[in-house]
1. Here are some residues: D92, D64. Which one is farther than 14 Å from L4 by Cβ, without any contact (Cβ under 8 Å) to a residue 24 or more places away in the chain and within 20 Å of the chain's Cα centre (by Cα)?
2. Can you report the number of residues in region 37-56 which are charged (D, E, K, R) and over 12 Å from G18 (Cβ atoms)?
3. Which ranges mark the strands (runs of 3 or more DSSP E) fully within region 1-117 that have 2 or more residues being more than 16 Å from the ligand (Cβ to nearest atom), at pLDDT 90 or above and in contact with a Lys or Arg (Cβ under 9 Å, 6 or more places away or on another chain)?
4. Kindly provide the set of residues from region 108-119 that are surrounded by 13 or more Cβ atoms within 10 Å (Cβ to Cβ) and either in contact with a Cys (Cβ under 9 Å, 6 or more places away or on another chain) or without any contact (Cβ under 8 Å) to a residue 24 or more places away in the chain (or both), ordered by number.
5. Does region 134-151 contain any residue that is in a loop (DSSP other than H, G, I, E, B) and at pLDDT 90 or above?
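The values are calculated or read from the model by the stated rules, or taken from the named source; none is laboratory data. If you're wondering where the values come from, they're calculated on a predicted model, not measured in any experiment. For neighbour counting, all protein chains shown are included, and Cβ atoms are generated from backbone atoms with ideal geometry for every residue, glycine included.
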Amino acid sequence: MTALEDDGDGTHVGTAMGLHVLGGLNPREHRAIERHLRGCDACRTEYDELKVLTGYLDLLSQDDIAELERMAGVTASAAVTEHAGYATVRADLHGLRVGEAYRLVLLTNDGRIEVVADFVAGTDSQSVDAQVPVAANEMTSFTLTSTDGGVLVTVPFTTA
Ligand SMILES: [Zn+2]
């Protein structure tokens, strides 16, 4: 790997910047980038921004990192069907952790929170069917959370 790469309008640090900030370059590459940063405002700005970000990463606890890992890769969507006095919800959930407990909640446009379903994931992809005593046009959003209340993903929904 060369530390400096040509990104089309001259030779800049480019993708090596992340490694540079984390201290992952060899001494020769490190010196080359340091020299470049002294003369290049664009790369210097990028360096400063990344430096701030890695500062935040250092502040994350093991619990935070575990939570981020749980959030990563969870995707969901829901379809709502209106009936007289209630609605049925079918949520399709992907990227779940088998054996982990989840809660699907619904926020209404008057600020109520309805628990749609509590369930333990049996497979990494599953559908959840539920009835809720809420009209489709009163629904604002669905959210999938862990049982301790951590938000994993907001669930886009369509109404039939
Ligand atoms: Zn540059």
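1. The unique qualifying residue is D64.
2. 4
3. Of the strands (runs of 3 or more DSSP E) lying wholly inside region 1-117, those with at least 2 residues that are more than 16 Å from the ligand (Cβ to nearest atom), at pLDDT 90 or above and in contact with a Lys or Arg (Cβ under 9 Å, 6 or more places away or on another chain) span 75-83.
4. If the condition is that a residue be surrounded by 13 or more Cβ atoms within 10 Å (Cβ to Cβ) and either in contact with a Cys (Cβ under 9 Å, 6 or more places away or on another chain) or without any contact (Cβ under 8 Å) to a residue 24 or more places away in the chain (or both), then E114, F119 are the ones that fit.
5. Within region 134-151, one or more residues are in a loop (DSSP other than H, G, I, E, B) and at pLDDT 90 or above.
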